[in-house]
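Worksheet for the structure shown next.
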Amino acid sequence: MFKRILCAMLAGFSLLYISCGDTSVTEAETTKVQSESTIGDGIEFDRLDELGEKNFDGRVFTILDANDHPEMHVNLPGEELNGDIINDSLYERDLAIEDRYNIDIEYIQIVNAAAGTTAMKSSVLAGDDAYTICISTILGGTLGTLAVEGILANLNDLEYLSLDQNWWSYLMYDSLRFDDKMYYTTGDISPTMYQMPAVFYLNLDLAEDYGIDTDFCQLVRDGEWTLDVVINMTKDMNTDLNGDNVMHASDDFFGFIHQQLGGIVTNGLLTTAGVNLSTISDDGKSISVDIVNEKTLGVIEKLKQLIVDIQYVEQNDIITKAFVEDRALCMYHYAESASVFLRNMESDYLILPMPKADEQQEDYHSYVNAWADAFIGIPTTSDPEFAGFITEALDYYSYKYIRPLAYDLTYKEKASRDENSAEMLDIIFDTLYYDFNCIYNFGGTTDALTKALKGTGELASEFAAIQSKIEADVETFVENWNQISQ
């Protein structure tokens, strides 16, 4: 029996579908799930079987959805099946987990992320266990703040969580785990995860018009999808169509379009090209901000060939006007734009991972919009065994059974359905990246990087001016992180 406490009207969730070939995706998606669920000599692996049998005697597992945009960031099902893919999948997931482990899943939704996480903080300080886990954002005084206030449990201490596996975010496990402590991450337990990555949009109709005949998916597979490819493809395309000496999203043509630099745009462009804004030492005991180096300088010089001072009335004009109206060949934005802004776009487009800086970059990095309500944290008042076990079960079930459905939503009618489309999205979802400096902006790092990208400041001098502030901020962060009792 489901218990739901709903504090907002829910809207149907839709995502995207893109193409990179011309065979049916249905069989390919099935194959993908099966292949990622095997080990050794083709022996089928199932994390739920590995977890073993448990009977929790009807215990209530309470999920707090502290959510600024529940109509878009859908993390919980309604009271019944309604034909919506995500709603029905979540409903069936919860029913399956309830039946398998004899629990009752309850949701409490507070339609304001800061208010919701504040309510959880009050609950913890009062010593009660009103919430088992929380799904929210990590910015704006939410989970990122609670992590350094002693409100969240160390996920690394929960024995059942396999945080280095693909149903969680293994790159976040590397970059948001410090001194063997990790307080928040993201995974398939939240369908909003499928909306949050920064991605590269390519207008396929314009590519054909310009005679661009490239197998982009193969470039991605081969590790050859780089900034140099994008620079060569878009070189000299920016055109001031109305001759007013201003590049405006409403009027002009762009090879590569993006929102104005600053904040998450600056961080996203750099981190997807392999620049770590902060680095954890090999022994896991210290954090450094080592940005002024040859690698960063090289990435900045490449990005300068792509970025442009773009004017707009509304920031989403780059999508709803320039890209939708076929006046931009390529675009940097987030996966959620496919379902939110591009539903009625006539031209076909392709979604790819953001390009590497060069072929030496080991992994694609899919920077995430951390304002998305897709991060999970567990309050210190939760029973660690119960919270860890059921959270792992929900996340793995979602990875195995819900993620493949993300490829069969809104955009299946826009372009050919093939195995390459699912493959590109898997690469994106499996390489989600964020680091501590993206969250805490030590010493004003983002402002310094923005000036360097714009050419209004020199990288070394900008960082020399804030070095002492960076060091002080890092020291404070480390002290707060390490003072949290376990």
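The values are calculated or read from the model by the stated rules, or taken from the named source; none is laboratory data. A quick note: this is a predicted structure, and the numbers were derived from the prediction, not measured. Here Cβ is always computed from backbone atoms with ideal geometry, including for glycine, and neighbour counts include all displayed protein chains. Just so you know, the surface numbers come from the protein's heavy atoms only, side chains and all, with ligands and any DNA or RNA stripped out. Shrake-Rupley method; radii C 1.70, N 1.55, O 1.52, S 1.80 Å.
Note that segment 185-200 has calculated 3J(HN,Hα) couplings of 7, 9, x, 5, 4, 10, x, 4, 4, 6, 9, 8, x, 6, 9, 10 Hz, one per residue in order, obtained from phi through the Karplus relation 6.51 cos²θ - 1.76 cosθ + 1.60 (θ = phi - 60°); glycine and proline are x.
Per-residue ellipticity at 222 nm from helix content only, as computed over the chain with -39500 (n - 2.57) for each DSSP H run of at least four residues, stands at -10000 deg cm²/dmol. Mean separation of Cα pairs under 8 Å and 6 or more residues apart, divided by the residue count, gives the chain a relative contact order of 28 percent.
Phi angles across segment 456-468 convert, under the Karplus curve 6.51 cos²θ - 1.76 cosθ + 1.60 with θ = phi - 60°, into 3J(HN,Hα) values of 8, x, 9, 3, 4, 5, 4, 7, 4, 5, 10, 4, 5 Hz, Gly and Pro given as x.
Within a Cβ distance under 15 Å of Glu71, other residues only, what is the Lys/Arg minus Asp/Glu net charge? Once all neighbours under 15 Å are counted, the net charge is -4.
Local charge for Asp180 was computed over the other residues whose Cβ lies under 15 Å away, with Lys and Arg +1 and Asp and Glu -1, and equals -4.
Taking every C-alpha pair closer than 8 Å and separated by at least 6 residues, the mean separation divided by the residue count of segment 73-129 gives a relative contact order of 18 percent. Residue by residue, segment 207-216 carries 3J(HN,Hα) couplings of 4, 5, 4, 8, x, 8, 10, 10, 7, 5 Hz when phi is fed to the Karplus relation 6.51 cos²θ - 1.76 cosθ + 1.60 (θ = phi - 60°); x denotes Gly or Pro. For Asp104, the residues 5 or more places off, or on other chains, whose built amide H falls under 5 Å of its own are Arg59, Val60, Phe61.
The amide H of Phe253, built 1.01 Å from its N in the peptide plane, has Thr239, Leu241 as neighbours under 5 Å, considering only residues 5 or more places off or on other chains. Here the accessible area of the chain is 45 percent carbon and sulfur, with a 1.4 angstrom probe and all protein chains present. Taking amide H atoms as placed 1.01 Å from N in the peptide plane, the amide H of Met247 lies under 5 Å from those of Gln311, each 5 or more residues away in sequence or on another chain. When +1 charges are put on Lys and Arg Cβ atoms and -1 charges on Asp and Glu Cβ atoms, the dipole computed for the chain relative to its Cα centre reaches about 1080 debye.
Helix 419-430 and the longest principal axis of the Cα set of the chain meet at an angle near 70°. Once the mean of 1/r is taken over each pair of separate Cα atoms and inverted, segment 293-423 shows a Kirkwood hydrodynamic radius of 18.6 Å. Cross-link pairs exceeding 31 Å in C-alpha to C-alpha distance, out of Lys304/Lys400; Lys321/Lys469; Lys54/Lys121; Lys181/Lys302; Lys181/Lys469; Lys285/Lys356, comprise Lys304/Lys400; Lys321/Lys469; Lys181/Lys302.
Using the Cβ-Cβ distance between Asp282 and Asp157 with R0 set to 22 Å, the FRET efficiency works out to roughly 0.50.
Per residue, the chain exposes an accessible area of 38 Å² to a 1.4 Å probe, with every protein chain left in place.
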